[in-house]
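**Student:** Questions regarding the structure given below will be posed in turn.
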């Protein structure tokens, strides 16, 4: 079915991911989707300021100003709301096609249904949910997004680390078979960590200064991978370390393959995929990079082929970079665009 207007999107939560989603949509250009409203508990002056200026991604490349309850972005009005609960907003009155839940606070099916009952037609979550049953589907764009159905109402975009790891594992499992997978996420600091030691978290390690230590934290990455690649159930272990950087993370992946292979073959397989089926989602490099080189990189993952190692014929170690903010925000937009087009086509 043809459309005479852009798809209308609202954001619930305007933190790191919410602001990156809005900015990425404008940087990508085109007029297929338009953000028409955002809901956040911050005051309007802060919303305007943090949209204009970003310590990680730089100044917003365009006009940003507030007039009343309207945040003007390059001439488009984004209505600014300040409601603490999903049911405090009449989402239907906003005439939106999709709500992007970017606060990270809602992880159960009951949470998601609160948005639906308040008038949101469908919800895409920026976080993995408590269980597979909490949503109609969990997606990694490029791996399983084609199974999106117009009847779906609650969908999770998984996590940034799941979006970075699953394409790599999917490629190698199809080509080599994977017997065991061990992953260490080396993740930049996040806003659930204090700048200096502070009482604020039940995980005592997260009470420590984010910029004075490398800090082990819990992770659900193994569960997330198994949710997307069920054939690897029981074969994946993961841990995570937070490091004193503000953006760009890495995956240290060790694989036991089902058949003999080599570092050269693994690199060849991943490089080929980055140039074909996963073009635009997966990238490959052998240059001498540091993490900051991938700031504002829209790929889900960048394989650093210079760091691929093989210890014997069936044990391989990889280093995979990813911008945990910008890459993930771009995948949310990819899923949103596909979902909305699919829903429109099937309506």
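The values are calculated or read from the model by the stated rules, or taken from the named source; none is laboratory data. Remember, predicted model here, so these are calculated numbers, not experimental data. Heads up, the Cβs are rebuilt from the backbone with ideal geometry, glycines too, and the neighbour counts pull from every protein chain shown.
**Student:** Confirm whether residue 99 is closer than 21 Å to residue 325 by Cα, at pLDDT 95 or above and outside any loop (DSSP other than H, G, I, E, B).
**Tutor:** Here the answer is yes, as residue 99 does meet what is asked.
**Student:** Any residue at all in region 77-86 that is assigned by TED's automatic domain parsing to the domain that holds residue 128, crowded, with 18+ Cβ neighbours inside 10 Å, within 20 Å of the chain's Cα centre (by Cα) and in contact (Cβ under 8 Å) with a residue 60 or more places away in the chain?
**Tutor:** Looking for residues that are assigned by TED's automatic domain parsing to the domain that holds residue 128, crowded, with 18+ Cβ neighbours inside 10 Å, within 20 Å of the chain's Cα centre (by Cα) and in contact (Cβ under 8 Å) with a residue 60 or more places away in the chain, one finds none in region 77-86, hence no.
Here's the yes/no breakdown for (1) modelled with pLDDT of 95 or more; (2) part of a strand (DSSP E or B); (3) touching a strand residue (DSSP E or B) at 6+ places or on another chain (Cβ under 9 Å):
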position: 55; (1), (2), (3): yes, no, no
position: 62; (1), (2), (3): no, no, yes
position: 83; (1), (2), (3): yes, no, yes
position: 92; (1), (2), (3): yes, no, no
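**Student:** Identify the single condition in (1) in contact (Cβ under 8 Å) with a residue 24 or more places away in the chain; (2) within 24 Å of the chain's Cα centre (by Cα); (3) in a loop (DSSP other than H, G, I, E, B) that residue 50 does not satisfy, given that it satisfies every other one.
**Tutor:** (3)
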